[in-house]
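Chemist: Please see the structure below; I have some questions.
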Amino acid sequence: MTWLGAVLWLILAAAAVLPRAALALDRTELGVIINTRDPLSVAIGDYYVERRQIPAENVIRVSFTPIENTLTRARFDLLKVQIDEQTLPHIQAYAITWTAPYQVECLSITTALAFGFDPAFCAEGCKPTRPNRYYNTATRLPFADLHLRPAMVIAAASFEEARALIDRGVASDATFPGGTAYLLATSDGSRNVRSIWYPLIERGFEGRLRVRSLRQDELRDASDVLFYFTGKSEVAGLETLQFVPGAVADHVTSFGGALTSQGGQMSALRWLEAGATGSYGAVVEPCNLTQKFPNPLVLIDHYLRGDTLIEAYWKSVQMPGQGVFIGEPLAAPFRRAVKTR
């Protein structure tokens, strides 16, 4: 067995420890966090609660003035107190209904909520951080089993964009779409680091998923995009693509998670505006350590096994401290329909 084959076996075997049918996170276990001083957050939160039939007891209302992209630790600690006081023990994950703030000093807002403000998830320079104990696990109860609550931002610049995102997530459920995974090996050597996984993805999902591994800087005119992984600071051609409901797409770059900043790199928000249902981006310089970005092999495997978007994405990033997860958390294209409780 080659080393690539050994790695493939280990990754896929690790995710298969428990049976997966109908075991994904459900609406009764998701807390929805709404900022009552942000009209867009209120509109997004109310719509999401209605569309996903989130129980009223799961709605968490906080109050702060949304004037910054980055929170200080002191301000975050006050916010966290509000959230913790309203979070019931059965809540396993969070949906955040604002786009900014998306950062807490050296951490993303999603990591700070998942683990609390822990400087071990930060890094000065090109160094590894504390690993994610949720990475590539089979658990469906992250708080009960691992004492963490993964978080995802329902990110949008307008209510219309948020509504379209939420509707795509809901529409994707139990559809078992037949789209394609597009894996682009670009000319950007420093951002092309994930291409090491592409041969494993082609081999590991043969017969289960259409995979196209391409040596080019952009994808155009594809009408069946289910997964799109690339490495570029700016991704051209998004306006020519059609994404399948539930689609996942992201790019390796230093500040893709600076959602509302004009920093010269493409915001991960552009993926959602183009039609993807989930994405990820760094809010603090991560360098090009592959552990700090989604591992496409792990993400695809968990998603195809029936995990929700928030579960599959969080389980694919070994060191998520400097990156923010965005999208519709409960999208589950590959989970068989189950009766809601």
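Chemist: Determine, yes or no, whether Gly263 is closer than 18 Å to Thr70 by Cβ, touching a helix residue (DSSP H, G or I) at 6+ places or on another chain (Cβ under 7 Å) and either surrounded by fewer than 24 Cβ atoms within 10 Å (Cβ to Cβ) or touching a residue at least 60 places away in the same chain (Cβ under 8 Å) (or both).
Modeler: no
So that you can scan it fast, the table gives a plain yes or no per residue for (1) touching a Pro at 6+ places or on another chain (Cβ under 7 Å); (2) on the phi > 0 side of the Ramachandran plot; (3) surrounded by fewer than 19 Cβ atoms within 10 Å (Cβ to Cβ); (4) of a type outside the set (Gly, Ala, Ser):
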{"position": "Glu29", "(1), (2), (3), (4)": "no, no, no, yes"}
{"position": "Tyr47", "(1), (2), (3), (4)": "no, no, yes, yes"}
{"position": "Arg52", "(1), (2), (3), (4)": "no, no, no, yes"}
{"position": "Val59", "(1), (2), (3), (4)": "no, no, yes, yes"}
{"position": "Ala95", "(1), (2), (3), (4)": "yes, no, no, no"}
{"position": "Val104", "(1), (2), (3), (4)": "no, no, no, yes"}
{"position": "Ile109", "(1), (2), (3), (4)": "yes, no, no, yes"}
{"position": "Phe117", "(1), (2), (3), (4)": "no, no, no, yes"}
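Chemist: Quick check on the range 282-326: of everything there that is among the β-branched types (Val, Ile, Thr) and assigned to a helix (DSSP H, G or I), which residue is surrounded by the most Cβ atoms within 10 Å (Cβ to Cβ)?
Modeler: Ile310
Chemist: What do you reckon, is Gly246 over 18 Å from His302 (Cβ atoms), touching a residue at least 12 places away in the same chain (Cβ under 8 Å) and under 19 Å from the mean Cα position of the chain (by Cα)?
Modeler: Taking the combined requirement at face value, the residue does not satisfy it.
Chemist: With the requirement that a residue be more than 14 Å from Pro329 (Cα to Cα) and touching a residue at least 40 places away in the same chain (Cβ under 8 Å), what does the range 48-69 give you?
Modeler: Passing the criteria: only Asn69.
Chemist: I'm trying to understand the selection: among the residues of the range 144-194, which are charged (D, E, K, R), touching a Ser or Thr at 6+ places or on another chain (Cβ under 9 Å) and under 14 Å from Ala247 (Cβ atoms)?
Modeler: Arg168
Chemist: Keeping to the range 290-341, report how many residues are in contact with a Pro (Cβ under 6 Å, 6 or more places away or on another chain), within 29 Å of Phe117 (Cβ to Cβ) and of a type outside the set (A, V, I, L, M, F, W, C).
Modeler: 4
Chemist: Could you please let me know if Glu273 is out of contact with any His (no Cβ under 6 Å at 6 or more places or on another chain), modelled with pLDDT of 95 or more, of a type in the set (D, E, K, R) and farther than 17 Å from Glu328 by Cα?
Modeler: no
The values are calculated or read from the model by the stated rules, or taken from the named source; none is laboratory data. All of these numbers come straight from a predicted model, not from anything done at the bench. Every residue, glycine as well, gets a Cβ built from its backbone with ideal geometry; the counts of neighbours run over all protein chains shown.
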